[in-house]
Structures are given as C-alpha cells and as structure tokens.
Amino acid sequence: MKNSLLSENITPYVGLETFKLGMKLEEVRTILKSNKIPFNQKIQSNKDTTDKVPWIFISIEESVTFCFAKDVMYEIYLENSYKGVLPNGGYIGMEFRKLQEIDPSLVYNDDEEDFESKEGYWVLDNLDTKKVESITIFLPEVPSQAFYTYQWVEKYI
C-alpha cells in the first residue's frame with residue numbers, strides 16, 4: 001500500500017482513493033499504522049489566533065500531508081514524489097504551462113502566492129523549473145471565511 005498510496009488519483013473536494021477529505025484523525029492513523037506506513041505528526045497550536053483551534057498535520061515521506069481541525073481532515077497537500085493525477089490530467093512535475101492550457105481557470109492569488117483553480121485545487125509552481133511543485137485539495141468550506149467558524153465539522157462527525 002505504501003507505494004500505491006503515493007500514486008492514488010487526486011479528486012478535488014473528495015480526496016485520494018484511500019484517504020477522503022472529512023475523515024477523522026484516528027481513522028487515518030489506524031490505516032497508516034495497520035499498513036506499517038511511517039508518518040510524522042505535528043500540532044500547530046493556533047493559541048495566538050482568535051479561533052484558537054489547533055491544527056494537526058500528518059506527513060508521509062515528505063510527499064503527502066493530511067491537515068486536520070477538530071480531528072477532521074480538511075486539506076491534503078501533495079508534493080515531491082507524489083505520482084497521482086487530477087481528473088484533468090494535471091500532476092506534480094508537469095510543465096506548469098501545460099496545466100494552464102488544460103485548466104484556464106487557474107488564477108494567481110497574491111496573498112497565498114499560489115494558483116487557484118475553479119475545479120477545486122491549488123497549485124504551486126517552481127519558477128526555476130517551470131513545473132508544478134505541489135497540489136492541494138480541500139473541503140468545499142476551506143476557501144471561505146466560514147471555515148474559521150468550524151461549524152462545517154459537524155457535517156463530518
């Protein structure tokens with residue numbers, strides 16, 4: 001499973017084949033442990049923010065990072081050796097220009113310093129190599145201010 005995990009299809013607003021957005025933290029940890037997949041877990045306390053909800057990040061081989069708030073996965077960040085493909089054919093390592101051709105909805109966000117697609121994902125490009133460096137997929141609630149109320153969590157419990 002370890003190698004196949006790094007090549008699962010990427011579906012915006014849904015997740016990967018094994019790991020779905022909206023999954024509970026303990027469910028993800030159980031799958032990883034039962035398949036003997038090593039991971040690192042980090043907590044960002046957010047104690048200095050108004051909502052004070054800590055975020056938990058689980059990283060696998062510096063290729064996949066699962067992001068949780070209130071123990072619910074809200075985002076999956078993919079980079080480096082991740083080999084999965086978006087429904088439009090986009091993938092990490094492809095020429096960014098080609099991704100722009102197949103997804104003309106990509107728009108640069110100055111605040112986040114990434115490109116955002118109306119198809120439900122964000123990408124970072126590498127200015128030196130001119131290739132896609134990372135892909136992020138997320139729950140539909142993430143790109144709105146309502147995300148920080150955390151009321152969306154109830155939908156996934």
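Of note:
- Cross-link pairs exceeding 30 Å in C-alpha to C-alpha distance, out of K47/K98; K47/K83; K42/K155, comprise K47/K98; K47/K83.
- Karplus (6.51, -1.76, 1.60) ³J(HN,Hα), θ = phi - 60°, over the stretch 103-109, in Hz, Gly and Pro reported as x: 9, x, 7, 4, 10, 6, 10
- For the stretch 2-156, a crude dipole built from +1 on the beta carbon of Lys and Arg and -1 on the beta carbon of Asp and Glu, taken about the Cα centre, is about 720 debye to the nearest 20.
- Long-range HN-HN contacts of V85 with modeled amide H, under 5 Å: N9, I10
- Among 150-156, 33-39, 79-85, the order from most to least packed when residues are scored by Cβ within 10 Å on average: 79-85, 150-156, 33-39
- When the Cα gyration tensor is reduced to axis lengths a ≥ b ≥ c, the ratio a/c is 1.5 or higher for the stretch 2-156, and with a/b not above b/c it is classed as oblate.
- 3J(HN,Hα) along the stretch 40-48, derived from phi through the Karplus expression 6.51 cos²θ - 1.76 cosθ + 1.60 where θ = phi - 60°, amounts to 10, 10, 9, 10, 9, 5, 6, 5, 8 Hz, with x in place of Gly and Pro.
- Cleavage-rule hits (trypsin sites (Lys or Arg not before Pro)) in the stretch 89-141: DSSP loop, at most 11 neighbouring Cβ within 10 angstrom: K118, K130
- Hits among aspartates and glutamates - C-alpha to C-alpha of K130 under 17 Å, sequence gap 8 or more where chains match: E79, E95, E101, D103, E113, D114, E116
- Cβ-placed point charges (K, R +1; D, E -1), dipole of the stretch 33-113 about Cα centre in debye, nearest 20: 560 debye
- Shown in residue order for the stretch 142-147 are the 3J(HN,Hα) couplings computed by the Karplus curve 6.51 cos²θ - 1.76 cosθ + 1.60 at θ = phi - 60°: 4, x, 10, 5, 4, 3 Hz (x for Gly and Pro).
Since every read-out is calculated from the coordinates, none of them should be taken as a lab result. Quick caveat, the model's predicted, so the values are computed rather than measured. Heads up, the Cβs are rebuilt from the backbone with ideal geometry, glycines too, and the neighbour counts pull from every protein chain shown.
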